[in-house]
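Each remark here refers to the structure printed beneath this line.
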Amino acid sequence: MGKGRKNSESPILVDEQQKDLIMTTTSNFGILGNSNNKGQYTWEEIRRHSSKTDRWIVVGKRVFDITRWTKHPGGQVVLNHYAGQDATEVFHAFHPDITTVQKYLKSFCIGDVIDDTTDDEQALKDDFEKLRQKAISKKFFEPSRWFFILSFLHILAFEFAAYFVLFRFGTSWIPYLTTLLFYIIAEAQCGWIQHDFGHLSVFKKASWNHFLHRLSLGFIKGGSADWWNNMHFQHHAKPNVIDKDPDTRIETLFLLGDTIPIRKAQQNAKNGKKIPYNLQHLYFFIIAPLLFPIYFQFMTIRHVIKRQKWVDLAWLSLFYIKFFGLISLKLGLIGALKLFFLIRAIEGTCSCCTIESCCYDVSHDNLKLSWVRMQLKATCNIAKSAFNDWFTGHLNFQIEHHLFPMMPRHNLYKIQPDVMDLCRKYNIPYIVKPMGRAFLDILTSLEKSGRMWLEAYEELIETTDTKID
């Protein structure tokens, strides 16, 4: 969750994403631009170009000045996150078809990197590239049509069943609660399949993914695909990185990790205003159920109006017309509003717990971390089981999903043994938790961060009072 930043274009992924996947390695980026008769730059020089108005990135030892590129399909914010940095690995993660991308990047190539530093992570990067090639050769990036057809049909079946039970059996407690349960399942599962469409991991043609992303997130859930893309791809590009991942920008209500509590304590001590963050593990049970029915609804509607995303507005308007038009016939408008709130509150709490249970360390951007270390540092897995896979939409394989964001979710478990071997080789912690333990760790993490904030805040206040005396 987070407020996000201006980013009017989406998604990150290129059209025809699965078309003729190219066996690309970090050594054959010549197709992205001819650097002959162009400059050579040290990393010291490149890192100076790290602002919104002066923005260079490096992809495969090629240097690109993308300051004036305003038509990036993933929007400007993601580019800003990697300004002055090596974007080779994140580029691989989101652009498997280099031939589609080269027509955009060629004109921005300004030269090469002078290899003036030793990359301690190069061996890990090379091994991860081999693993990516292995995944491609084993067709792990190819989706199962039947899996997604059945997944989509079971969502429609639960939604239809919710309406059927209410209209057929009336509004007494048993049919009412059955309707509530069926609709929660439909909404929760739709949240996972819209995630698949948003990552363009279902169809070869991006336009089909875009259409079904809007249909599922807009018509079935009442959300904005453009808002989701804006938030979600920033999260994948810089997971749990302070001031870059929108999911960490929730300081109004919660403090995450070890760094944000100290920063917030300094701000609170300075301006004299504070929220009792030391109790956040307790009021989590009050706030979390309100995130979807209040925050989610407000942010999506605000986004589509402010950014003039009229197609998204049309889709989510159809959701409200459908839901309130039908439910009001049996429960009346007030009754429909109550049911809507319950659905959003319960489904939102389940989704929030699932997502937050896989989050791990929250820290500032570390330019020395490779893609693999950055992803493993930020997340963990929930143990595999038939129920866990279904309940989490296979995002219990959060590590594999973050390493390979375009891989269809039903294939994530297949690459897991190789990822674990890679982590063992380089002594990278690979954390898997039972679901109950993962949910409990949300509270223990919030309690720890809240306690850190309180200790820092009280120490700062005491120091200030001492100086005054």
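Counting the residues of segment 319-372 that are surrounded by 15 or more Cβ atoms within 10 Å (Cβ to Cβ) and within 23 Å of the chain's Cα centre (by Cα) gives 26. Looking at segment 432-442 only, could you name the residues that are surrounded by fewer than 15 Cβ atoms within 10 Å (Cβ to Cβ) and in contact (Cβ under 8 Å) with a residue 12 or more places away in the chain? Pro434, the sole residue that qualifies.
Considering segment 259-285, the residues that are without any contact (Cβ under 8 Å) to a residue 12 or more places away in the chain and under 16 Å from Ile442 (Cβ atoms) include one that is most open to solvent (accessible area, probe 1.4 Å), namely Phe285.
Assess whether Ile250 counts as being surrounded by fewer than 20 Cβ atoms within 10 Å (Cβ to Cβ), among the hydrophobic types (A, V, I, L, M, F, W, C) and closer than 16 Å to Met299 by Cβ. Steps first, answer last, please.
On the way: surrounded by fewer than 20 Cβ atoms within 10 Å (Cβ to Cβ): yes; among the hydrophobic types (A, V, I, L, M, F, W, C): yes; closer than 16 Å to Met299 by Cβ: yes.
Criteria met by Ile250.
Quick check on segment 260-281. Is at least one of its residues out of contact with any His (no Cβ under 9 Å at 6 or more places or on another chain) and at positive phi?
Among the residues of segment 260-281, at least one is out of contact with any His (no Cβ under 9 Å at 6 or more places or on another chain) and at positive phi, which makes the answer yes.
Among residues of segment 188-204 being of a type in the set (A, V, I, L, M) and part of a helix (DSSP H, G or I), the one that is farthest from Cys353 (Cα to Cα) is Ile193. Only one entry of Leu403, Leu440, Leu446 meets the criterion of being of a type outside the set (Val, Ile, Thr) and out of contact with any helix residue (DSSP H, G or I) (no Cβ under 6 Å at 6 or more places or on another chain), and that entry is Leu440.
I'd like to verify a number: residues in segment 55-67 that are free of Cβ contacts under 8 Å to residues at least 40 places away in the same chain and farther than 13 Å from Glu89 by Cα, how many? Lay out the reasoning, then the answer.
Quick first cut of segment 55-67, residues free of Cβ contacts under 8 Å to residues at least 40 places away in the same chain only: 55, 57, 60, 67.
Still in the running and farther than 13 Å from Glu89 by Cα: 55, 67.
The qualifying residues number 2.
The residues listed here are Leu180, Leu256, Leu150; of these, the one that is more than 25 Å from Lys309 (Cβ to Cβ), open to solvent by 10 Å² or more (accessible area, probe 1.4 Å) and in a loop (DSSP other than H, G, I, E, B) is Leu256. Of the helices (runs of 4 or more DSSP H) lying entirely inside segment 366-469, those carrying at least 3 residues that are among the basic types (Lys, Arg) are 412-425, 435-468. Please find, within segment 114-135, the residue that is farthest from Arg47 (Cα to Cα) out of those that are open to solvent by 70 Å² or more (accessible area, probe 1.4 Å) and modelled with pLDDT of 90 or more. For segment 114-135, the residue satisfying everything is Lys134.
Residue-wise test of (1) more than 25 Å from His236 (Cα to Cα); (2) in contact with a Ser or Thr (Cβ under 7 Å, 6 or more places away or on another chain); (3) of a type outside the set (Lys, Arg).
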position	(1), (2), (3)
Asp126	no, no, yes
Phe147	no, no, yes
Ser151	no, no, yes
Leu156	yes, no, yes
Arg168	yes, no, no
Ser201	no, no, yes
Trp208	no, no, yes
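Residues that are of a type in the set (S, T, N, Q) and open to solvent by less than 20 Å² (accessible area, probe 1.4 Å) were ranked within segment 389-406; the one that is nearest to Thr354 (Cα to Cα) is Thr392.
Name every residue in segment 205-227 that is closer than 20 Å to Glu347 by Cβ and either among the aromatic types (Phe, Trp, Tyr) or assigned to a loop (DSSP other than H, G, I, E, B) (or both), in order of residue number. Residues satisfying the conditions are Phe219, Lys221, Gly222, Gly223, Ser224, Trp227.
The values are calculated or read from the model by the stated rules, or taken from the named source; none is laboratory data. Not measured: the values here are computed from a predicted model. Methodologically, a virtual Cβ is constructed for each residue, glycine included, from the backbone with ideal geometry; neighbour enumeration extends over all protein chains shown. Heavy atoms of the whole protein, side chains included, go into the accessibility calculation; ligands, DNA and RNA do not. Shrake-Rupley method; radii C 1.70, N 1.55, O 1.52, S 1.80 Å.
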